Protein chains: 2
Amino acid sequence: MSRPSRSAPEHRGAGSHVRNGRGGARSAASGDAATRERLLAVATRLFSERGFRGVTVRDLSREANANLAAVNYHFGDKLGLYREVVAMALEDVHVDPTTDVAAESTPEERIRHYVTTYVPRLASPRGRAVWAQKIMRHEMNDPTPLAPWIAEVVILPRMRFLAEAVATLMGTDMGDPRVGRCVVSLQAQCLSYMPNRFREVAFPGWREMTDAEIRAAATHIADFTLAGIRRLAEQGE
Amino acid sequence: MSRPSRSAPEHRGAGSHVRNGRGGARSAASGDAATRERLLAVATRLFSERGFRGVTVRDLSREANANLAAVNYHFGDKLGLYREVVAMALEDVHVDPTTDVAAESTPEERIRHYVTTYVPRLASPRGRAVWAQKIMRHEMNDPTPLAPWIAEVVILPRMRFLAEAVATLMGTDMGDPRVGRCVVSLQAQCLSYMPNRFREVAFPGWREMTDAEIRAAATHIADFTLAGIRRLAEQGE
DNA sequence: GACGCGATCAAACACGTGTTTTATACATGC
DNA sequence: GCATGTATAAAACACGTGTTTGATCGCGTC
């Protein structure tokens, strides 16, 4: 009961979602994308701007020029649509600053590379894939049932990457509590440059950072952090 | 129209709110506090746990053993009740780590004092006035119309205090962009130890920090930050 | 042409929200 | 005694939410 299954698309496969290829099932006359694709595009934009709870199904339907029932028809429920958006965000985010670093680089180079690629992506309202970062931020502030998934795919690998670099730099192992604290200090500084609704609301004269300021901030974080790590390595546990 | 003003308490004075002293207007027979006071107590707890939007008027009424209309009667509307809670939080927060420091102390002492008093208060679920910090955190994540007020009373004084100490330590003035970046780095590290719903939801094995770990984290932040500041002071702009 | 089927549509449903209304009990002041 | 003003109570209001329903359209196929 309560799920008539009207032979509609199956809303279960969390990972597969092959979805029948959907070649040209729609009327070839209309130039616009299929409803499902329009909903995904609109959902990507709205969820990244306002978070899962800040977007209503009616918002999505209206902006996608779709019927109110379209979300439930194509994605099962609102969370199903959000899950697909998060899946795209994870694909976009999880690769970046930890995997494309040369294996033979020094710990210092790794940390600098992490910061100088990560911070501009977080801070700049321009550029690609900021929407994925915004999804992450909303999840951190106001977690949804998808939070554990996100933590496993994007947070943990970053923590491990940074912890390994910091431990090597300090000449200790990853079980040393100082390593964890340094990783937290580094990550906290990076995240502080993420766009923040509070400062926009609370400080009327706030202006966005320029690209040059963002680069300066990234360099600052790297210098600042490496100095801190070296100092803690000297003074011992 | 739409506001009959039934000679009820005036819900307008944003700043004054003297509120007639309210000596013993209630029947002396009942041992419990007046409805207004019970609502304030419950609101303090619930708003600090779940934020303004996470608490409903029905939650407040139920837990305070008050009628549904009591919030609107005593405080005008839900935001009026929240405003009184925030006012108490501001009184509790704005004094602390910036004003009770000796005027003749060195910049390093000031920064250490700031961190070692601020971080335990942020991080510990025990101790006094954590509810006020939780209110601040909810405002930062999801600002209400009261955000500008909070920014002016608690954020700006802290920023000025830290900026002055950092500038003195670096031997430069507060207009130096490096000063602002160091203040952000310091504050970001402190805030990262604030209780975080994401890590509770996303990491099932999460456990609260002990008092000793919190003290160690505070010392870490101070050492780490002072090292970073000194390094940036050396290398120049 | 009749049928099946995926997709869309308008409408309704069920519920939760902040707020307002109307009535009533109770203490106080004249 | 009685009006007055304060406080509480139960119900309703007005609206927004996610979801479901039943009908209909446009196809392609037998």
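The values are calculated or read from the model by the stated rules, or taken from the named source; none is laboratory data. Computed from a predicted structure; not experimentally measured. For neighbour counting, all protein chains shown are included, and Cβ atoms are generated from backbone atoms with ideal geometry for every residue, glycine included. Keep in mind that these areas ignore ligands, DNA and RNA; they rest on the heavy atoms of the full protein, side chains included. Shrake-Rupley method; radii C 1.70, N 1.55, O 1.52, S 1.80 Å.
For this structure, a couple of remarks:
- Residues of the stretch B:192-215 classified as closer than 20 Å to B:Val119 by Cβ and more than 7 Å from chain A (Cβ to nearest Cβ), total: 16
- Among the residues of the stretch B:162-175, none is identified as within 12 Å of another protein chain (Cβ to nearest Cβ) and not in a helix (DSSP H, G or I).
- Restricting B:Glu200, B:Glu208, B:Glu234, B:Glu152 to those that are open to solvent by 70 Å² or more (accessible area, probe 1.4 Å) and not in a helix (DSSP H, G or I) reduces the list to B:Glu208.
- Residues within the stretch A:44-79 that are within 14 Å of DNA strand C (Cβ to nearest atom) and within 23 Å of A:Ile155 (Cβ to Cβ), tallied: 1
- Some residue of the stretch A:149-161 being of a type outside the set (A, V, I, L, M, F, W, C) and within 10 Å of chain B (Cβ to nearest Cβ): yes
- With respect to the conditions (1) closer than 21 Å to B:Thr168 by Cα; (2) outside any helix (DSSP H, G or I), B:Ala188 falls short on a single one, namely (2).
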